[in-house]
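Here the structure is laid out as C-alpha cells; the discussion comes afterwards.
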Amino acid sequence: MPFAVGTALLSLALTFNGRAGGLPAGQVDFGTFTPPSGGAQFVEVNLTSNLISLAAKLVEKQEPDVAQLLNGLQMVSVHVIGLTDENRDDIKDRMEKTRKELLTKGWDRIVAARQEGKDVGIYLKTQNKDTVQGLVVTVLDGNEHAVFINIVGDIKPEKLALLGERLHIDPLKNLPKPDEK
Amino acid sequence: MSPGTPNPVSTPQRSYRGFYVTGAVLLGLACAVIGITGYFRLGSDTQALRDSCLSAAPGQWHKKFSLRVGLCTTALARTVASGFKLEPDAQAALEAVHGAEVGIYDLAAPAAEPTPAALLARADRVMLRRGWDRIVGVVNERELVAIYLPHRGVSLRHMNCALMVFHENQLIVVGARANLKPLADVAARHLEVVERGAGERRAGI
C-alpha cells in the first residue's frame with residue numbers, strides 16, 4: 001500500500017514537473033530584455049490567459065467573433081526595444097538567432113520582407129492546416145526599434161488579420177486570407 | 001444578611017466589570033488608532049513595490065502624500081451614495097472600486113542618477129517573489145511606468161493591480177482592488193449606443 005501511494009505521488013509530481021518545464025508549442029522564449037540606457041524607448045506587454053479572457057468578457061456581447069478569437073489565446077507578449085549604439089548589435093543578433101531557431105523548430109515563415117530599412121518576419125507554428133498554435137512577429141525598424149511579438153493559442157488562420165487589427169499589429173493586418181493564396 | 005451589610009460577592013464583580021470596560025475602551029481606542037493611521041499606510045504589496053524603488057534609487061526620499069481607502073470605507077461610501085440619485089456611470093464607478101491606495105514620494109538628493117532599468121529590474125524581482133507579474137513596462141528617457149497583476153485570482157469581479165510611475169525624480173505607487181463588472185456594463189452600454197448611432201447613420205435615419 002505505501003509503495004502504491006508513493007508511486008502515485010511520484011508519477012503525479014513528474015506529471016506536474018513535466019508540464020511546468022515545457023513551454024506550450026506556440027510559445028517562444030525571447031529571453032529577458034533590459035531597457036536601453038540613454039533614454040531609448042522600451043515597451044513590454046505580457047498578457048496571460050486570465051487577463052485575455054477578461055478582455056473577451058468585456059466585448060463578448062458587442063463583438064462575439066472577437067471574443068471567441070480572444071478566448072482562444074493563451075498569451076500575448078510584445079517587446080519594443082529602442083536601439084542604441086550599446087544594444088544595437090546584440091538585439092540584431094538575438095533577432096537573427098530567434099529567426100533561425102524558429103525555422104529549425106518547425107515554424108513556417110509566411111512573411112519575410114525588407115523594404116526601406118524595415119525588416120519584417122512573420123512565423124507560424126501550425127498543428128494542422130486548420131489551427132495555428134503560435135505566431136511570432138519580428139520587426140527591425142531601421143536602426144531605431146526592434147519588435148518581438150509572440151502570440152500563443154488556438155488561432156484560426158483566417159482570423160490572423162482580425163487579430164492584427166484588434167491588437168494593432170500592423171504586419172498582420174495585411175496578411176492574405178487563406179483562400180486568397 | 002442585614003441590609004447594611006455589604007454583599008461579599010458584588011465587589012469582585014464590580015472590579016471585573018471595570019476591568020472589562022477599561023479593556024473594551026482601550027481595544028476600541030487601539031482599533032480607532034489603527035483604523036485612522038491605516039488611511040495613511042499603504043498595503044503590503046504596494047509598500048513592497050515602493051520599497052523596491054526606494055532601495056534601487058538611493059538618496060533622500062521624502063513622502064509627499066500617502067492615502068489608503070479600504071473595503072470598509074468604500075462600502076460605506078457606496079451605502080451613503082445609495083441614498084442619493086447619482087448618474088449611472090458615477091454609480092458604476094463607485095460600485096467598482098473596492099479599495100485604493102496611493103503614495104507619492106520625491107527623490108530630493110539622489111546619491112546617483114536613478115536609471116529606470118534598475119528600478120524596473122528591482123521592482124520585477126520583488127513583485128515576482130510576492131506572486132505578481134508585470135503585464136506592462138514602459139520606459140521613455142527617464143520616465144517609467146509599470147503595471148503588475150497577481151498570478152492568480154484575477155477575474156472580472158476580483159481585480160487587483162499595482163502601478164508604479166517614476167517621472168522627474170518623483171515616484172507614484174498605486175494599488176487598487178476593484179470589481180470591473182459594473183464598469184464592463186457601462187462600457188457595453190456605451191458601445192451599444194455608439195453602434196446603434198453608426199447603424200442609424202449608415203441606414204440614413
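Bear in mind these aren't lab numbers, they're just calculated from the coordinates by the rules spelled out. Model, not experiment: these values are computed from the prediction. A quick note on method: Cβ atoms are made from the backbone with ideal geometry, for glycine too, and the neighbour counts reach across all protein chains shown.
Between residue A:170 and residue B:185, take the C-beta separation as r, use R0 = 22 Å, and let me know the FRET efficiency to the nearest 0.05. So the FRET efficiency works out to roughly 0.10.
Annotation: amide H-H contacts under 5 Å for residue A:111 (H modelled 1.01 Å from N, sequence separation of 5 or more, or interchain): A:122. With Cα atoms as the point set, the range A:16-158 shows a radius of gyration and Dmax of 16.3, 48 Å. What translational D, rounded to a whole number of µm²/s, comes out for the range B:103-185 from Stokes-Einstein when the hydrodynamic radius is the Kirkwood one over Cα pairs, at 25 °C and 0.890 mPa s? Stokes-Einstein gives a translational diffusion coefficient of 177 µm²/s.
Panel values: the range B:69-136, Kirkwood radius from alpha carbon pairs, Stokes-Einstein at 37 °C and 0.692 mPa s, translational diffusion coefficient 209 µm²/s. Compute the signed sum of charges (Lys and Arg +1, Asp and Glu -1) over the other residues within less than 10 Å, Cβ to Cβ, of residue B:164. Result for the neighbourhood of residue B:164: +2. Here's how it looks for residue A:144: its modeled amide H is under 5 Å from none belonging to a residue 5 or more places away or on a different chain.
Summing +1 for each Lys or Arg and -1 for each Asp or Glu among the other residues whose beta-carbon sits under 13 angstrom from that of residue B:174 gives +1.
Against the empirical curve 2.2 N^0.38 Å, the C-alpha radius of gyration of the range A:66-105 lands at a ratio of 1.68. Our summary gives the range B:1-158 a relative contact order of 23 percent, counting only alpha carbon pairs under 8 angstrom and 6 or more residues apart. The lysines within cross-link reach of residue A:125, meaning a Cα-to-Cα straight distance under 25 Å and a gap of 8 or more places when in the same chain, are A:92, A:97, A:100, A:105, A:156, A:159, A:173, A:177, A:181.
Site pair residue A:143 and residue B:15 shows an inter-label distance of 9.0 nm when each label is modelled 7 Å from Cα along Cα→Cβ. Averaged over peptide A:42-51, the number of partner chain Cβ atoms lying within 10 Å of each residue's Cβ comes to 6. Take the Cβ atoms of residue A:68 and residue B:136, set R0 to 41 Å, and the FRET efficiency comes out at 0.95. Annotation: peptides A:53-64, A:149-160, ranked by per-residue average of other Cβ atoms within 10 Å with the highest first, follow the order A:149-160, A:53-64. Counting only other residues whose beta carbon sits under 13 Å from that of residue B:69, what net charge do I get with K and R as +1, D and E as -1? Spelling it out: positives minus negatives among the neighbours equals +3. Inverting the pair-averaged 1/r between distinct Cα atoms of the range B:1-159 gives 20.3 Å as its Kirkwood hydrodynamic radius.
Peptide A:135-144 has a mean shielding of 0, counted as Cβ atoms of other protein chains within 10 Å of each residue's Cβ. Simple spin-label estimate for residue B:121 and residue B:82 gives 5.1 nm between the two label positions (7 Å along the Cα-to-Cβ direction from each Cα).
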